[in-house]
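What follows is a single structure, written as structure tokens, with notes after it.
What follows draws every value from the coordinates through simple rules; no lab data is involved. In this text, all values refer to a predicted model and were calculated from it rather than measured experimentally. Glycine gets a Cβ as well: all are built from the backbone with ideal geometry, and neighbour counts include every protein chain shown.
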Amino acid sequence: MKSNKYGTKNTFLQENTCELSLEPRIIHCFVMRMETIAIATDRLSKIYNMNRKNEVQALRDLNIRIKKGEIYGLLGENGAGKTTTVRILTTMIKATSGTASIFENDVVTESSAVRKMLGCLPQDAGLYEEFSAIENLDFIAKLRGLKQEDRKTQITNLIKTINLEERKNDRVETYSGGMKRRLMIARAMIGEPQVLFLDEPTAGIDVLVSRRVREIIKTLAKQNNITVLMSTHDMISAERICDRVGVLHKGVLIAEDTPPKIIQEYAGEQNDLEDAVVNLIGWTGDSDEVFE
Amino acid sequence: MIPQSAWIIAKKELKLLFKSTRRIFLLFTTPLILFFIFALMIIVSVAIISTIEEPVEKPVEILVIQDDKGIDGTNWGSQFYTLLKTHNLTKDYYYTNKSVTELNNLLESSNYSILLYIPANFTETINSSLPAQFYLYYNGTGTESAIAVSRIIGVSQILNQQILFYYYGILDPNRIYTSLGGSTTDAIDVIDSELEGFAASFLTLIPLYAIILLVIPSLSLVLISVTIEREQKTLESLILQPIRRKSIIAGKLLYGALLVGFNTVATVISIIALLTLGYIMIPNERKGEILPLIETAIKTADISVWIFLLFVIIGLILVSLLTITAAVFFSLMAKDEREANMVISALVIIPLVLTFLIAFLPVEKLDPILQTVLMLLPLLGYLFAIHLSLLTGEIIIGAWISLIAQLAWILIGVWIAGRLVESEGILEISYRRLFRRKT
Ligand SMILES: Nc1ncnc2c1ncn2[C@@H]1O[C@H](COP(=O)(O)OP(=O)(O)OP(=O)(O)O)[C@@H](O)[C@H]1O
Ligand SMILES: [Mg+2]
């Protein structure tokens, strides 16, 4: 694990360190103060221009802070703005306003430094269909500047992890949808990134692999201190592995806490995360009413 | 100078190229087409060389049909014939007497260089002080024949100042009059310089065809390599890597340049192979004639010919790169291969049409400032410079300026493409978006 050169400068509670008192809540924060912020956004907004008249506000004033080693789940209905958030944070598109940074590197002005640190599984990504799994991974490994031996060991390990050893030399065009998805997850992990963005990692893969993917993510975060931001519609995954979840609704973050707290606060008699999210989205109706 | 990541991308493209039959087919089309064209040309020319026994310097044959009956022992027609014979001491002209019944047959068969018909009433008309007439049928474009025609007319003037002649043939009669007024060499000059202008027009088209044949297959391969990233959704994984957006563009350009290089080498090799084959096919007794011809051609070419060749080759390389840059530039903004193809085909047609205009319109008469401006244009400027250089017989300074302009266009293209993908975002950029911003 490489540590970031800005590593310890940014702390979780920089802005309210002044209100030191002996209340338990503040002491808790004081302990958290030593923890590094991996992902931070400040009033991040994105407006898509569909044509000259139609605009879509995909994201509105998003403020999130994700600590190093944390697994953060982004939940919300279709079109809530999850993919947009991931795309801005991974430097793929630019925000309309607001800023975002990864380990204090701005995603716009220091995009190269940011890209060095992150691995990403985009929602609808593709692979080079005429290449095999190995060739696909090798190309990305070369672009990340890995040495020959590093490439070999990392790719072998990743292929083993996603359980694709038997088909690793076949062309990707002969793979099933889930096999491709698994390969893309492996691709996101090449070069041992410090921050991992996974846009619906468990979409389209079977329960066994899904469980496997969850284990991998958990191990990476807990053993290697890797930060993970994942968007998902898979409530089981979110509930089981996320340290915190944020619920987006029409581009606005309407709730953010640990899964047990969210369930406790918003779930009805079902008492699970799905119930809580359904209630949250259902309750709020138009986000404007709630937040303005 | 070229970033490492550009090489990685170019290598990936080459690897992908050899995994798809469609792309391999595209890559080999040009050398194959050229191979067949040249093979055909060589087979035909070998066949011609083998059949021709006396290859050049066939004398101009003048057929005379002396039909003049004469009056009271005077026969101006036969005197004309004798005079012609004595005044043309060179062995180049033969005079063959033919009967009038053959006239129509001869005219139909076109089996003559010059046919002179002296009609039956020739003497009668001269004696009655009327202008006598004879007829000349001319068949061909050679300068030798033009000289012969003017000599025949000159001889007729010695015979009688009032003789008229009627002239039928391909050669412009004005030229014959010109040569009568001045010396015969004037006539030759007129003919030569006009042929040169026409040859320049065709020679200008050769680099254009070279560009089309060498670059178009590479152009469509580059186009596919760019648009497929968007269509297959691999573009996202590409831009997520710690490389600069410009490196992606550079990688595609590098790939295109390698393809053009490959195509050129393959074409040159196949031409050399074919020429060797053609040489082997020539009958042994005629082989001795070929090598000295090539030798003299190389020996007599002065330094300006070599500089001109160098200029053409440097220009071809630059213009090929420029075309590839345009392909990358315009396919970056296309949403799929079809849209890219549409835009690029439209763009290819413009220089094609304009080159024909340049080649066949009297552009050399344009204002020098306008000429220089034309030479600055991408692709077209280079062809224009070649055309002007061919016409004036030397490489004009503007030609070198046009080469620099081609280089500048490449850099401008790369720079704008780089800026566009940075400012618009490579994922979001599209023709629709660009167009909307302007309106
Ligand atoms: N390229 C685009 N152009 C225009 N509008 C877009 C574009 N991409 C997304 N949007 C709009 O932005 C909003 C948020 O989209 P986003 O893809 O972020 O949603 P999401 O939360 O990822 O949804 P899903 O769960 O379906 O993946 C949607 O209303 C969508 O229509
Ligand atoms: Mg999405």
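Structure above, values below:
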{"read-out": "Spin-label model distance (nm) - B:MET281 vs A:GLN148, 7 Å beyond Cα toward Cβ", "value": "4.8"}
{"read-out": "Difference of contour (0.36 nm per residue) and Cα-Cα distance, A:ALA203 to A:ASN169", "value": "9.8 nm"}
{"read-out": "Pairwise FRET efficiency - A:ASP243 versus B:GLN4, Cβ, R0 = 35 Å, nearest 0.05", "value": "0.40"}
{"read-out": "For the range A:118-192, the fraction of alpha-carbon pairs in successive 10 Å shells from zero, as %", "value": "21, 59, 20, 0"}
{"read-out": "Loop GluC sites (Glu not before Pro), the range B:372-439, which have at most 15 other Cβ atoms in a 10 Å radius of their Cβ (DSSP)", "value": "B:GLU394, B:GLU428"}
{"read-out": "Burial ordering of A:ARG115, B:ARG244, fewest other beta-carbon atoms within 10 Å first", "value": "B:ARG244, A:ARG115"}
{"read-out": "The range A:71-213: proportion of alpha-carbon pairs further apart than 17 angstrom, %", "value": "63"}
{"read-out": "nm² value of the averaged projected area, convex hull over the Cα atoms of the range B:231-389", "value": "14.7"}
{"read-out": "Burial ordering of B:PHE38, B:PHE330, B:PHE18, fewest other beta-carbon atoms within 10 Å first", "value": "B:PHE18, B:PHE38, B:PHE330"}
